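Some notes on the structure that comes next.
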Amino acid sequence: MKIKVLKFGGSSLADAEQMKKVAAIVKNDRACRYVIPSAPGKRFSGDDKVTDLLYRCYELSCEEMDITGVFEVIKNRYRDIIKGLGMDFSLEDEFKKIEISILNHAGRDYVASRGEYLNGMILAHYLGYKFIDAAKGIYFFDNGTFDAERTNTRLSELLNKYDHAVIPGFYGSMPNGTIKTFSRGGSDITGAIVARAVGADIYENWTDVSGFLMADPRIVDNPKPIDTITYRELRELAYMGATVLHDESIFPVRHARIPINIRNTNDPAAKGTMIVSRVGEEKDDAVITGIAGKKGISIISIEKDMMNAELGFGRRVLQAIEDHGISFEHLPSGVDTLSVVLHTKALEGKRESVLAAIRKAVNPDVLNIEDGYALIAVVGRRMVAAKGTAQRIFRSVADADINIKMIDQGSSEMDIIIGVRECDYENAINAIYREFDR
Ligand code: ADP
Ligand code: ASP
Ligand code: MG
């Protein structure tokens, strides 16, 4: 029999009504064996995600401030779900344990992880599935990176004992037993890890949109859905800001070639987007697959006459940046110029020191940091074969009266990345979308 692993995002589990939709989806198909819930997300615009409330509790506890008010809001979110589902079930003992741990200065990751832990308990009980604490099967190394092989062995053994189980998303445990979370949105990764461990036929990722769309629906009106996309394209788009799926979700499933299907909990009839390793026969001839981007980018510009003749120039600049624990995004260069494109956030508290280190390393003629940029990636597996794609991108942006600060093309020729000012970000994405939406 087929095995399906299903991950439900925060909006799919935000309240009792959403939980009922989730249960209907799971119970409708006997192949739905393993379910990964997120913490309750926003019920309406302006609402809080439980995970954010938990982070707030943690911060309050660090400042020795009262957490009662915020913690009460969290408890009520779960109480409302339990009541709305008409369940004979209580989490009051769990609430007490968690509150005491927070007051005793439990770690940040432990506190954040309780959102999925509690939601997992409710969902398991509601579905009549076994609840399996992710701390007992998902492991990290001492340095905080994910221990894929130990996890896979242990989790396979554990899950094979149960025909049906609920495993909360977002976290696992460190070698010393403390809780560690993935980065934000990490329940997507848990779903992929479980899919690999049980040898799933498919990993269904249920969210609030009917699949991966050609662009962020908050920027472009009614973008077209993407029918099929490759893991590589997905990774580019997700890394560049299409948050619908965490960019690291493909790693556990890629080798096992388990397809990911993005689905909509609010529209289960829609077939959504399939993410696969390779697309067979192309039915679609659209040149680009999608557009994504992110704001909060800074550019360090370095100029020096005869830079090209100075052996090791680039290496010394990058060393200065690496010594500050910062990784860079792009490195466009000219004969006598070099730019380092990076996240503005990474420079926090380090600006002057980074500039001083670069000055010392290469003694440039001009050196400055400019903030307020955004990156936009245009991604498509068919771009390699299509002539004139770059020209169409640049022309559409120029016609919208937008200046391009930086251009980069990946070696796979599957993406073209441009840098624009943050104030031009939305207009540039719309201009590119219109150009290719024909
Ligand atoms: P979940 O809580 O289910 O994990 P997320 O909020 O993480 O859901 O991701 C879904 C959201 O991603 C959508 O509601 C949409 O606003 C946003 N999004 C950004 N880019 C895209 C895109 N290209 N296609 C679809 N959704 C996108
Ligand atoms: N609840 C976590 C977050 O808000 C993880 C997730 O939803 O995937 O980031
Ligand atoms: Mg998400």
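Below are the figures for this structure:
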read-out	value
Relative contact order for region 283-434, counting Cα pairs under 8 Å that sit 6 or more residues apart, in percent	31
Length-normalised contact order of region 312-372 in % [C-alpha pairs under 8 Å, at least 6 apart]	36
Antiparallel content of DSSP bridges confined to region 104-225, in %, to 5	60
Of the GluC sites (Glu not before Pro) in region 346-393, those whose Cβ has at most 15 other Cβ within 10 Å and which sit in DSSP loop	E348
Kirkwood-based shape ratio for region 132-260, expressed as Rg/Rh from alpha carbons	1.00
Cα-Cα pairs of region 270-363 separated by more than 16 Å (percent)	64
For the chain, average projected area of the Cα convex hull in nm²	23.5
Accessible area of the chain belonging to carbon and sulfur atoms, whole % at 1.4 Å probe	48
P(r) of region 144-201 over all Cα-Cα pairs, binned every 5 Å from zero, in whole percent	4, 17, 30, 28, 15, 5, 0
For region 208-303, fraction of C-alpha pairs farther apart than 22 Å, in %	32
Projected area averaged over orientations for region 309-378, convex hull of C-alpha atoms, nm²	5.2
Tail weight of P(r) past 26 Å, computed on alpha-carbon pairs of region 57-196, percent	27
For region 291-438, projected area of the alpha-carbon convex hull averaged over all directions, nm²	9.5
Alpha-carbon Rg/Rh ratio, for region 358-438, with Rh computed the Kirkwood way	1.08
Principal axis dimensions, region 79-124 - Cα atoms, whole angstrom, descending	34, 16, 14
Solvent-accessible area per residue, Å², over region 250-332 with all protein chains present [probe radius 1.4 Å]	52
Most to least packed among 305-313, 230-238 [average Cβ atoms within 10 Å]	230-238, 305-313
Relative contact order, percent, the chain [alpha-carbon distance under 8 Å, six or more residues apart]	13
Coordinate range along principal axes, alpha carbons of region 254-303, Å, largest first	53, 30, 27
Helix axis angle, 16-27 relative to the chain longest principal axis, alpha carbon, degrees	90
Spin-label model distance (nm) - N76 vs R257, 7 Å beyond Cα toward Cβ	5.3
Contour excess over end-to-end distance, with Cα ends at V335 and A398 and 0.36 nm allotted per residue	20.2 nm
Helix axis angle, 313-322 relative to the chain longest principal axis, alpha carbon, degrees	30
Mean Cβ neighbour count within 10 Å, used as a protection proxy, ranking 295-301, 183-189 highest first	183-189, 295-301
Value at 222 nm in deg cm²/dmol, rounded to 500, when DSSP H runs of n ≥ 4 in the chain each add -39,500 (n - 2.57)	-11000 deg cm²/dmol
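The values are calculated or read from the model by the stated rules, or taken from the named source; none is laboratory data. All figures in this text were calculated on a predicted structure; none of them were measured in a lab. Every residue, glycine as well, gets a Cβ built from its backbone with ideal geometry; the counts of neighbours run over all protein chains shown. Quick note on the areas: whole protein, heavy atoms, side chains included, nothing else; ligands and nucleic acids left out. Shrake-Rupley method; radii C 1.70, N 1.55, O 1.52, S 1.80 Å.
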